[in-house]
Each structure stands twice: as structure tokens, then as C-alpha cells.
Amino acid sequence: METSTFSYWERTAFIDNADIIIIGSGIVGLSAALHLKKKQPALKVLVLERGFLPTGASTKNAGFACFGSVSEQLVLLEKSTDEEVARLVGYKWRGLQRLRENLGDQAIDYQQHGGYEIFMDNDIKKAEHCLDKMGRLNKLFKDAIGHSDIYSVANDKITAFGFKGVGHMIYNPYEGQLHTGKMMRTLLNKVYNQGVIVLNNCEIKEIKNEGGSVNLKTSQGNFKAGKVILATNAFASQLFPELKVIPGRGQVLITKPVEGLKLKGTYHFDEGYYYFRNIDGRVLFGGGRNLDYKAEETWDFGHTEIVKSKLVNYLKEVILPGQHFEVDYWWSGIMGFGEAISPIVKQVEPNIFCAVRCNGMGVAMGSLVGEEVADLATA
């Protein structure tokens, strides 16, 4: 006779007989669940999440619906081929359209005010390099997103936004912004309506492949399924170290409402390592991971004084010069990075699949990455 953590009711209604268990309830995991149910409505899908809310970055990011600034794309071109970078831009673009199609613009508070890359007065060399390469990128990405006028000079808007110490600015009209919390609530509601069960505060301790099924040892007891999808992004290497996904913490602040805030759109600088936007009359500002890569290669949420002081300094000197502001609160999210520029979507072991390493572009990639792994698991 077996002693169980769960009652008969719990086992029969929530625990047993899952066809597929998805580990991770972020954008990739829930997109995979949604796609599985659309393909095979009778499939029993269970999602296990270690946190009270999705752990990682899905509810902690800046809400940028973007596919990359000029300086970011040029860095990627140093690591990879023109074809691969263009393919990835197309992938992120299609991912953003799929996200909007799946959830609806109104439900996620999607707005397309465009994206800006700003260059400081003391960064003229980098600005000139990016301006010189804009035409090449526009040509390279034309087929990927179906537009030829992606990046253009926008120096005339610098004064209107109230910046100080900014010498150049590049505009991309095809980037937008959304409300991350509303996005994840809408996605959760979608999967609930499809009959998917999501259980929180359930940390995976061990995954055991037993041929015909996969056993999961968790903080809440043992689970069993025919197949398992790992969608934990930055935390993937805790269970499968060979995946080599490197965590990268992003520290973020939000100010209290700022009177007469002029920001409209999303803003990047320093190869995308810093990013800010207006949300509800407040400035949301994050980044600084490049100040100390090793310190930010962590699975621990939290903050460092070096990043906090740098962000506040940029607010004072560049973004809100001469304006009164107060930081309301801080948070952090954990992203997943790797040497290759594309996500990892593959079979790890028989009946175990993964969809991880979104390289800080989970909002753009997540919908398609989830669909791709769902297709792989049901092939």
C-alpha cells in the first residue's frame, strides 16, 4: 500500500494521467500549452511552475515588443552570418505578430509608438558607425519583416523628449510596447479556457526518464507524464547542465509618476544593455548587466549598488535632467543567454524536450519558440 502526498480527488483531478507536463509557466511554456491544445484538444496538459508567479523574466521584463536596435544587430553580425541574423530578425518579428494575434492588442495594452536608440555626446564614434550601417541593415532585413524603411535618423526629436547629453538618435517605427502583466494574465486565461491545469509553487527536484514515461520529483510530491517539455529558460541548466544556458539578471526600477513626462515609445542605448520607457506617466528603466557580467550571471534575484547608482545617475543626467523624480521601487528578472544567437529547441532525451535560451528576447520569440517545441513533442 502506497502513502500519497495527494488525496484521491487531487490525484484524479489534478495530478495523474497528464499526457504532457510543461515545466515553467512563462511565455514559452504557456504558448506551448496553448498550441498543444489547439492541435490536439483531447491532450491532457499540466504546467508546473516553481514560483508564486512565473519565475524568470516573463512577468518581470520591461514590456518591449522589439526585435533589436542597430548597435545590437551589428554585435550579432560579428558573431554570426548575415543570413542567420536576418533569419532571427524575421523570427522575432513573426513571434511578435503571433503574440498579438493570439492575445489581442487591447488585452495586452499593445501600443506601437516605435523604438529609439540613443547615443550620448561622448559616443560619437559608435553613433557614426551605426548611422553608416543603417542602410545595410534596412536592406538585409527588408524581406524578413516586409518593410524597407526600418531604421532612420531621428535627431530632430531629441529636444522634444527632454534628453540632455544625447547627440544622435535612430528611430524604428515597427517596434511597440505592451503591459507584461496583462500579457501573462491573458495567456493564463487562454490556457485555462483550453482545460490546461497550472500548478504553482512546485519546484522540480529531479527528472527521471523511464522509457515509456517520465517521472518528476518535485517539492510537492511526484508527478508522471508521457512527455515533458522544459521551458524554464535561464534555469534550464539547473536540471540539464549540458544545455549551457547562462543566467543574466536584469535590474529594473520604476519611478513615481513624473509630471509632464515627455517620453513616448521605447528607448535603448549602449548596445541594448540599457532600456527605458513611459508606463502610466512613470519611467521604467533597467539594465546595466554589462557593468559586471560575472555578478549578473546569477539565478538569484536582487540588486547591486553599482547598477542601482548607474541607473539613477542616468535618470538624473540624461533622461530627466533638471526634473524632480522619485524611485518608487526596484525589481529584477532572470534571462537566459548563450554563445549562439538562436534559442535551443530540441529533444534532450527520449520524451523530454526543451525550449530555452531566448537571449533576452522572450517577448519577441516566446510565442513561436513555444509552438515549435509543442510541434516537436507531438511529431
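Are any residues in segment 236-260 surrounded by 20 or more Cβ atoms within 10 Å (Cβ to Cβ) and either free of Cβ contacts under 8 Å to residues at least 60 places away in the same chain or of a type in the set (S, T, N, Q) (or both), and if so, which ones?
Result: Gln251, Thr255.
Could you say which residue among Glu339, Glu297, Glu305, Glu326 is open to solvent by 50 Å² or more (accessible area, probe 1.4 Å), in contact with a strand residue (DSSP E or B) (Cβ under 9 Å, 6 or more places away or on another chain) and farther than 29 Å from Val28 by Cβ?
Every option except Glu326 fails the conditions.
Between Ile246, Ile279, Ile254, which is hydrophobic (A, V, I, L, M, F, W, C) and out of contact with any Phe, Trp or Tyr (no Cβ under 9 Å at 6 or more places or on another chain)?
After applying the criteria, what remains is Ile279.
Just to check your reading of the model, which residue among Glu210, Glu175, Glu206 is crowded, with 17+ Cβ neighbours inside 10 Å and of a type in the set (D, E, K, R)?
Step by step, each of Glu210, Glu175, Glu206 is checked, and only Glu175 is crowded, with 17+ Cβ neighbours inside 10 Å and of a type in the set (D, E, K, R).
Report yes if Ala13 is among the small types (Gly, Ala, Ser), in a helix (DSSP H, G or I), out of contact with any Pro (no Cβ under 9 Å at 6 or more places or on another chain) and open to solvent by 20 Å² or more (accessible area, probe 1.4 Å), otherwise no.
yes
Just to be sure I understand the filter: pairs with C-beta atoms under 7 Å, separated by 6 or more residues or on different chains, first member in segment 316-335 and without any contact (Cβ under 8 Å) to a residue 12 or more places away in the chain and within 15 Å of Phe285 (Cα to Cα), second member charged (D, E, K, R) and surrounded by fewer than 14 Cβ atoms within 10 Å (Cβ to Cβ). Which pairs pass?
none
Quick check on Val198: is it at pLDDT 95 or above and farther than 21 Å from Phe337 by Cβ?
yes
Restricting attention to segment 273-294, which residues are hydroxyl-bearing (Ser, Thr, Tyr) and open to solvent by 10 Å² or more (accessible area, probe 1.4 Å)?
Once the filter is applied, which keeps residues that are hydroxyl-bearing (Ser, Thr, Tyr) and open to solvent by 10 Å² or more (accessible area, probe 1.4 Å), segment 273-294 yields Tyr273, Tyr275, Tyr293.
The values are calculated or read from the model by the stated rules, or taken from the named source; none is laboratory data. Being a predicted model, the structure only gives us computed values, none of them experimental. Here Cβ is always computed from backbone atoms with ideal geometry, including for glycine, and neighbour counts include all displayed protein chains. Note: accessible area is taken over every heavy atom of the protein model, side chains too, but ligands, DNA and RNA are not part of it. Shrake-Rupley method; radii C 1.70, N 1.55, O 1.52, S 1.80 Å.
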